[in-house]
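Engineer: The structure follows.
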Amino acid sequence: MKTIKEIVIVGGGTAGWMSAAAFAKFAHKADIAITLIESEQIGTVGVGEATIPQIAKFNAMLGIDEDAFVKATQATFKLGIEFADWGQIGERYFHPFGVHGFDLEGIDFHQYWTKMKALGEEHALQDYSLNALAAYAGKFMRPKPEHGAVLNRIAYAFHFDATLYAAFLRAHAEAKGVQRIEGVVATVGLDAENGFIDAVTLADGRTVSGDLFIDCTGFRSLLMSDALGIGYEDWSHYLPVDRAVAAATESTETPLPYTRATARGAGWQWKIPLQHRTGNGYVYSSRFLEPEQAELDFRAALNGALLGEPKHLRFVTGRRQKFWHKNCVALGLSAGFMEPLESTSIHLIQSGISKLIALFPDKTLPTVEQDEYNRLLTDDYLHIRDFLILHYKATRRDDTPFWDYVRTMEVPETLQRKMELLRASGRFFKYDAELFDVTSWMAVAVGQGLAPIGFNPMVEGLSDSNIRQSLENMRNLLNKSVAAMPSQEAFIARFCKADPAQVKTGGADGRTN
Amino acid sequence: MEAGKAIRRVVIIGQGLRGWLPAAYLAARFPDGRCQINFVETGGARTDDVLLARPSIRRFHQLLQMPERALVETAKAQLSHGVRARAAGGAILLPFGQYGYDHAGAEFQQYWCRAFKMGKAGGLGRYNLAAGLAEAGAFLTQTPKGQPALDFGYQLSAAGYCALLQAYARGHGAVSFDAADGFEVRTDEGGFVKTIHLAGADLECDMVIDARTEADVLAAGETPDLGWQGNRLYMPSHCDADLPGLELYSLVEALDRLIALWPDKDFLACEREEYNRLTYAERDRVSDMKTLLEHGVIGVTQSDALARKISVFSNRGRIAAEDHEVFTKPEWLAALIGCGIVPAHYDRLVDRMSLEDLLRWLASIEDGIGRTVEQAKLAARVV
Ligand SMILES: Cc1cc2nc3c(=O)[nH]c(=O)nc-3n(C[C@H](O)[C@H](O)[C@H](O)COP(=O)(O)OP(=O)(O)OC[C@H]3O[C@@H](n4cnc5c(N)ncnc54)[C@H](O)[C@@H]3O)c2cc1C
């Protein structure tokens, strides 16, 4: 069997170093050499600071100590996202990780909640989320079985400094034998017969050959798009944002354990608290807003002092038509980008890596495995895409042309069906590999004014007073549990306080490309 | 929801177990008599006397709070650790439990495949505790520490199990009507069933669960259907002596789906469509397995999903799972291997283990399983 002996990763952003660290983990015993080429001259996008809970699996797979990782990346903990002004200006809701409430008699919690709401109960869905309650109280602790069944339901992810994360993974990967080459790739050489990538040549004339090439060159997609000609499926009719202006500011408050996403005239603005600073960015659609005006609007909404000039980024929402083609796999922004609203990009990198490891080929590079890989990742993208579109479609905002457009646009049939089912009586059936579950769909739908009209008649099995009492018990239990949690500040101080000496580094800090 | 819209009268049409199972299920779901369950029992009798229940049946038994003792005494329940399927090339055992252990990012069969190709490992079945127990006619209800995960279903006497469900349903308010002499379904102009007319009674209904077998529906001169149309829902009729276990499984799954989508008298189209979408997906996954068993790998298949399963497995021993699978990964593995496929390659991750360690590891798993099976056999004899 002709085995793969050399993997070449082009690009040293988050995608490049995540891949390098992961492949190094198994390659170094299997006698596979890994080379990563990156160029300081070109730089990385430097954004991408919020994550979802799945990242803990990735870190665990690498054997990374979580506290060390938090310290090294100036990270804070993330319990969910607060969305402001999405359904309508002045409204806000929390999309928590974890689950809402407790199911009763084998029927989903949210069915009972919907019924009580119809009977005039005022408690919001998020009053039944341990994560949401803890987030608003500024609390955090990790789940542990010995803390009991309730506290063990905490689900969390991280906010971190993307540049520091790449550096952290780089150290990890280099220690496992990954070889790093500094330089700009100028040309990509293809085999004349089969069209595979033979080697890449750097601007200074050096040539790096390999068996398998990983394209982590970001939006440029130097290998997959430029060299192999794989096209891009444009989703901007569904997800019309295409630019961002981002900058870090000084923190003006104790870091909160959640991300804030505030809808604005032509998009939305994020606020991500790190230990040493706050990350901010306005993601907008250039069809509806000029960059100059976007920057003014962005600056006007900042609290702390800027730590550098705002940086402007462009992108097209969508995905690469193939993620694996011949002997090249695209990971990260070169594979596609669906905008950062639910922090899914880093997750998609991780998902690609783990599927590639599970389907790892030999030199014959059979198409069976490629097709399977492409099928699975396409599913990932489509499921996430639909959930993102929901955030724009489920709105009553009509104050700007941007919101008029998204409110009235046509949505994919798959999403249409999900919305109808949810709207009618809160029904939701998750596909096996789907990332976001009923908690997420309910949080966003209810939070943006698309709450179920009816409920599953099965809830009639419990009397109203019984349900009312159960819900009250749940709230009491959750509130009591939150009261017992330490503040995030105290938790970090105790276990994973970063070294303030690192404060000068940072991602979207104004360094231009 | 307005009170007037609630479903208050369900009529089940069927025969024996196929009718009493939904009756018991719904009686358990409506313990307060909110919904009257009537069962119109048609003529004809089952011919099979033994039924296989896949492991998921235990959730149903939990819903009924069915005592284990009743199962053993009345339904003559015996534990089962796998399905004995008939295939083109002979019998294949689809086990209710894992093969060995996944290790360091690679699935167990990858390790096995490496050793097997060198002629240094026996059949894959030796590394599956469930298969070992099933072959030996021994049973365990719990996975012993340090053994591959194990699950179990039951082998049941059809008549005894039916009697249990009947007693339960009756005890919880379900009423049966004899329709051996025929019955008539009366619909309104919109095609919704309003009443079931019997010789001695007219049963009004908000919803009909048609649990007759496909054959019975055909014999009555009607067109069988798999899904839910209007206010009439046909129970799936997967029943195949070559692949036991599907009848009970698909009845309970269909009822679970129905409860998750339990309607009111508005009968929203989107909810029915969702039920049907899930039902067709289940039918397709079952049909993939049947096609594979009947025709083997060279058989022509119309199903992309099955074609993919075969090619992905043939190439490197991976199981390409679909949404809403019926059969577990170990069952697919057993079926694919049983049909004579040996993957062309194995996962490179496996090479991280030295050959010596690999063989020692495989031997220790085989050994552990062998000893556990012997102990279970002994225990069975003692009891
Ligand atoms: C506005 C915005 C906000 C985001 N927010 C989030 C978030 O909150 N959460 C999240 O998960 N994701 C987020 N993302 C996505 C996230 O930033 C990316 O998924 C992640 O940074 C991975 O980027 P990358 O490594 O693919 O590309 P890049 O960071 O662009 O890296 C590309 C690399 O390729 C190298 N390179 C390019 N061309 C050459 C060449 N010719 N020769 C040599 N090297 C070359 C560069 O030097 C660089 O090292 C966001 C993205 C944007 C645009």
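What follows is calculated from the coordinates using simple rules that are stated; it is not laboratory data. Just so it is clear, the structure is predicted and the values come from calculations on it, not from any experiment. Positions of Cβ are backbone-derived with ideal geometry, glycine not excepted, and every protein chain shown enters the neighbour counts.
Engineer: If amide H atoms are built 1.01 Å from N in the plane of the peptide, which residues on other chains or at least 5 residues away come under 5 Å of the amide H of B:ARG9?
Structural biologist: Those qualifying (amide H under 5 Å, at least 5 residues apart or on another chain) are B:GLN36, B:ASP206, B:MET207.
Engineer: Which value, in debye to the nearest 20, describes the size of the charge dipole of region A:243-314 about its Cα centre when Lys and Arg Cβ atoms bear +1, Asp and Glu Cβ atoms bear -1, and nothing else is charged?
Structural biologist: Working: 9 positive and 7 negative charges, 54 e Å.
It comes to approximately 260 debye.
Engineer: Report the charge-dipole magnitude of the protein assembly as shown in Debye, nearest 20, computed about the Cα centre from +1 at each Lys and Arg Cβ and -1 at each Asp and Glu Cβ. Don't jump to the answer; show the numbers that get you there.
Structural biologist: Working: 94 positive and 112 negative charges, 404 e Å.
The dipole magnitude comes to about 1940 debye.
Engineer: When the Cα centres of region A:349-394 and region A:271-309 are compared, how far apart do they sit, in Å?
Structural biologist: 32
Engineer: When only C-alpha pairs under 8 Å and at least 6 residues apart count, what is the relative contact order of chain A, in percent?
Structural biologist: The normalised contact order for chain A reaches 24 percent.
Engineer: Quick one: Karplus J couplings for region A:187-201, per residue in order, coefficients 6.51, -1.76, 1.60, θ = phi - 60°, nearest Hz, x for Gly and Pro?
Structural biologist: 9, 10, x, 10, 5, 5, 7, 9, x, 6, 7, 8, 6, 10, 10
Engineer: Sticking with this one: Towards the positive end of the charge dipole of chain A, with charges on Cβ (+1 Lys, Arg; -1 Asp, Glu), say which of A:LEU348, A:THR364, A:ALA162 has the farthest Cα.
Structural biologist: Positive-most Cα among the choices belongs to A:ALA162.
Engineer: Kindly express, to the nearest 10 degrees and within the range 0 to 90, the angle between helix B:355-382's C-alpha long axis and the longest C-alpha principal axis of chain B.
Structural biologist: That helix lies at roughly 50 degrees to the long axis.
Engineer: At a Cα cut-off below 28 Å, give the lysines reachable from B:LYS194, other chains included and same-chain residues fewer than 8 away excluded.
Structural biologist: Straight-line reach from B:LYS194, under 28 Å: B:LYS5, B:LYS265.
Engineer: Still on this structure, I have one more. Scan around A:LEU190 for amide H atoms under 5 Å from its own, H built in the peptide plane at 1.01 Å from N, and keep only partners 5 or more places away or cross-chain.
Structural biologist: Amide H neighbours of A:LEU190, under 5 Å, 5+ apart: A:ASP198.
Engineer: Something else: What residues of region A:395-426 lie in the reach of a label at A:ILE89, counting those whose backbone N is under 16 Å from a point 7 Å from the Cα along Cα→Cβ?
Structural biologist: Under 16 Å, as judged by backbone N against the label point of A:ILE89, lie A:396-405 of region A:395-426.
Engineer: Dipole magnitude of region B:281-383 about its Cα centre, charges +1 at Lys/Arg Cβ and -1 at Asp/Glu Cβ only, in debye to the nearest 20? Write out the running numbers ahead of the final one.
Structural biologist: Working: 14 positive and 16 negative charges, 34 e Å.
For this selection, approximately 160 debye.
Engineer: From the backbone phi of region A:331-344, what are the Karplus-calculated ³J(HN,Hα) couplings (6.51 cos²θ - 1.76 cosθ + 1.60, θ = phi - 60°) in whole Hz, Gly and Pro given as x?
Structural biologist: Those phi angles translate into 10, x, 5, 5, 8, x, 8, 10, 6, x, 3, 10, 6, 9 Hz.
Engineer: Can you find, among A:GLY189, A:VAL178, A:PHE109, the residue farthest towards the positive end of the dipole of region A:82-204? Put +1 on the C-beta of Lys and Arg, -1 on that of Asp and Glu.
Structural biologist: The one lying farthest along the dipole's positive direction is A:PHE109.
Engineer: Here is a follow-up. Just list whichever of A:LYS139/A:LYS271; A:LYS25/A:LYS57; A:LYS271/A:LYS311; A:LYS355/B:LYS329; A:LYS57/A:LYS393; A:LYS355/B:LYS309 have alpha carbons separated by over 20 Å in the model shown. Walk me through the numbers on the way to the answer.
Structural biologist: On the way: A:LYS139/A:LYS271 18 Å; A:LYS25/A:LYS57 14 Å; A:LYS271/A:LYS311 15 Å; A:LYS355/B:LYS329 17 Å; A:LYS57/A:LYS393 32 Å; A:LYS355/B:LYS309 16 Å.
In this structure, A:LYS57/A:LYS393 lie more than 20 Å apart at Cα.
Engineer: May I ask which residue of A:LEU435, A:PHE323, A:THR51 lies farthest towards the positive end of the charge dipole of the protein assembly as shown, with charges of +1 (Lys, Arg) and -1 (Asp, Glu) on Cβ and the Cα centre as origin?
Structural biologist: Most positive-ward Cα: A:THR51.
Engineer: Which of the aspartates and glutamates could be linked to A:LYS144 by a straight reach, that is with a Cα gap under 16 Å, when you skip same-chain ones fewer than 8 residues away?
Structural biologist: Once the sequence-local aspartates and glutamates are set aside, what remains near A:LYS144 is A:GLU66, A:ASP67.
Engineer: Which whole number gives the average, over all residues in A:350-362, of C-beta atoms from other chains lying within 10 Å of the residue C-beta? Walk me through the intermediate numbers first.
Structural biologist: On the way: counts 0, 0, 0, 0, 1, 0, 0, 5, 8, 6, 6, 5, 6.
Taking all residues of A:350-362 together, the mean is 3.
Engineer: Going Cα to Cα from A:LYS2, which aspartates and glutamates come in below 19 Å? Please leave out same-chain ones fewer than 8 positions away.
Structural biologist: By straight Cα distance, A:LYS2 reaches A:ASP31, A:ASP191, A:GLU193, A:ASP198, A:ASP211, A:ASP362, A:GLU369, B:ASP347, B:ASP351.
Engineer: Here is a follow-up. Considering amide H positions built from the backbone, and no H for Pro or chain starts, which residues 5 or more places from A:GLU6, or on another chain, come under 5 Å of its amide H?
Structural biologist: Under 5 Å from the amide H of A:GLU6 lie the amide H atoms of A:ALA33, A:ASP211, A:LEU212, each far enough along the sequence or on another chain.
Engineer: In whole Hz, what ³J(HN,Hα) sequence does region A:439-449 give by Karplus (6.51, -1.76, 1.60; θ = phi - 60°), x for Gly and Pro?
Structural biologist: In residue order, the calculated couplings are 4, 5, 5, 5, 4, 6, 4, 5, x, 10, x Hz.
Engineer: Also: Angle check, please: helix B:246-260 long axis (alpha carbons) against the longest principal axis of chain B (alpha carbons), in degrees 0 to 90, nearest 10.
Structural biologist: For helix B:246-260, the angle is close to 60 degrees.
Engineer: Separate question: Grab the Cα-Cα distance for B:MET118 and B:GLN65, subtract it from 0.36 nm times how many residues apart they are, and report the gain in nm with one decimal. All intermediate terms of the calculation are to be shown ahead of the outcome.
Structural biologist: Values: separation 53, 0.36 × 53 = 19.08 nm, distance 5.05 nm.
Taking 0.36 nm per residue and subtracting the Cα distance, the gain is 14.0 nm.
Engineer: Counting Lys +1, Arg +1, Asp -1, Glu -1, what net charge surrounds A:SER440 among other residues with beta carbon under 13 Å of its beta carbon?
Structural biologist: Working: positive: A:LYS418, A:LYS430; negative: A:GLU342, A:ASP386, A:GLU434, A:ASP437.
Charge balance in the 13 Å sphere: -2.
Engineer: Output the relative contact order of chain B, whole-number percent, from Cα pairs under 8 angstrom with separation of 6+ residues. Could you put the intermediate results ahead of the total?
Structural biologist: On the way: 649 pairs, mean separation 92.7, N = 383.
RCO, chain B: 24 percent.
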